[in-house]
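**Student:** Okay, here's the structure, questions in a sec.
The values are calculated or read from the model by the stated rules, or taken from the named source; none is laboratory data. Note that the structure is predicted; figures quoted are calculated from it, not measured. Because the Cβ atoms are built from the backbone with ideal geometry, glycine has one as well, and the counts that use them run over all protein chains shown.
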Amino acid sequence: MSEIAWTDALDIDLPLVNEQHKELIALSNSLIQAMINGMGKDVLAELFRELRDYTSYHFDAEEKYMEKISYPELDHQKAAHRKLKDEVDEFSTRLLGGQGVSPTEALDFINDWIIRHILEMDSRIGVYAKGL
């Protein structure tokens, strides 16, 4: 199990959005470190609270930026954001409701979402913005 490293491939040429993406990666890396130190389950609930809060903040900022530049895929992005928020809420409900979420399952979810969403969707925002 290893941490997510920031690479040039994740850079979408939008400094503010990049910084927010780095924060999402830092949250994921915190979970990895907790798991390595045998504390994964102890910090999972707090991590998901932080992830839910920061995700909402990030998505709101990203959507406002896309509105400002009249990004043509805004509705698609908003739908993806809603889906992710729902998935994070589902994880949180399972975790806090005692149904259990393994740290590995949570980590896989977070890492897959961060990498996939940045590379497949957010990178197009940067390309569009450069063309303005």
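**Student:** From the residues in the stretch 28-37 that are under 20 Å from the mean Cα position of the chain (by Cα) and surrounded by fewer than 17 Cβ atoms within 10 Å (Cβ to Cβ), which one is modelled with the lowest pLDDT?
**Tutor:** Among them, the one singled out is Gln33.
**Student:** Something else now. Of (1) surrounded by fewer than 12 Cβ atoms within 10 Å (Cβ to Cβ); (2) under 26 Å from Val127 (Cα atoms); (3) within 15 Å of the chain's Cα centre (by Cα), Thr7 satisfies all except one. Which?
**Tutor:** That leaves (3) as the condition not met.
Conditions tested, residue by residue: (1) in contact (Cβ under 8 Å) with a residue 12 or more places away in the chain; (2) part of a helix (DSSP H, G or I); (3) among the basic types (Lys, Arg); (4) farther than 23 Å from Thr7 by Cβ.
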position	(1), (2), (3), (4)
Ser28	yes, yes, no, no
Ala45	yes, yes, no, yes
Leu51	yes, yes, no, no
Arg82	no, yes, yes, yes
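**Student:** Kindly check whether there is at least one residue in the stretch 96-115 that is at pLDDT 85 or above, within 13 Å of the chain's Cα centre (by Cα), closer than 25 Å to Asp11 by Cβ and assigned to a helix (DSSP H, G or I).
**Tutor:** Filtering the stretch 96-115 for residues at pLDDT 85 or above gives 115.
Add one more test, that the residue is within 13 Å of the chain's Cα centre (by Cα), and what stays is 115.
Filter once more, so that each one left must be closer than 25 Å to Asp11 by Cβ: 115.
When the remaining residues are screened for being assigned to a helix (DSSP H, G or I), the result is 115.
Yes; the residues of the stretch 96-115 include at least one that is at pLDDT 85 or above, within 13 Å of the chain's Cα centre (by Cα), closer than 25 Å to Asp11 by Cβ and assigned to a helix (DSSP H, G or I).
**Student:** Just wondering, is there one or more residues in the stretch 7-18 that are in contact with an Asp or Glu (Cβ under 6 Å, 6 or more places away or on another chain), in a loop (DSSP other than H, G, I, E, B) and not charged (D, E, K, R)?
**Tutor:** Among the residues of the stretch 7-18, at least one is in contact with an Asp or Glu (Cβ under 6 Å, 6 or more places away or on another chain), in a loop (DSSP other than H, G, I, E, B) and not charged (D, E, K, R), which makes the answer yes.
**Student:** Would you tally the residues in the stretch 38-81 being among the β-branched types (Val, Ile, Thr) and at pLDDT 85 or above? Give the steps one after another, and end with the answer.
**Tutor:** Within the stretch 38-81, the first condition is being among the β-branched types (Val, Ile, Thr), and the residues that meet it are 43, 55, 69.
Then keep just the ones that are at pLDDT 85 or above; that gives 55, 69.
Result for the stretch 38-81: 2.
**Student:** To continue, here is another question. Can you pull out every residue in the stretch 30-43 that is under 15 Å from Ile114 (Cα atoms) and without any contact (Cβ under 8 Å) to a residue 40 or more places away in the chain? Give the derivation first.
**Tutor:** In the first step, residues of the stretch 30-43 are kept if they are under 15 Å from Ile114 (Cα atoms); the result is 30-32.
Of everything in the stretch 30-43, just one residue is under 15 Å from Ile114 (Cα atoms) and without any contact (Cβ under 8 Å) to a residue 40 or more places away in the chain, namely Ser30.
**Student:** Look at Pro72 and say whether it is out of contact with any His (no Cβ under 8 Å at 6 or more places or on another chain) and more than 18 Å from Leu24 (Cα to Cα).
**Tutor:** Values: out of contact with any His (no Cβ under 8 Å at 6 or more places or on another chain): yes; more than 18 Å from Leu24 (Cα to Cα): yes.
In short, yes.
**Student:** Could you list, in sequence order, the residues of the stretch 58-80 that are surrounded by 12 or more Cβ atoms within 10 Å (Cβ to Cβ) and either in a helix (DSSP H, G or I) or without any contact (Cβ under 8 Å) to a residue 24 or more places away in the chain (or both)? Steps first, please.
**Tutor:** From the stretch 58-80, those surrounded by 12 or more Cβ atoms within 10 Å (Cβ to Cβ) are 58-59, 61-63, 65-66, 69, 71, 73-74, 76-78, 80; that's our starting set.
Of everything in the stretch 58-80, those that are surrounded by 12 or more Cβ atoms within 10 Å (Cβ to Cβ) and either in a helix (DSSP H, G or I) or without any contact (Cβ under 8 Å) to a residue 24 or more places away in the chain (or both) turn out to be His58, Phe59, Ala61, Glu62, Glu63, Tyr65, Met66, Leu74, His76, Gln77, Lys78, Ala80.
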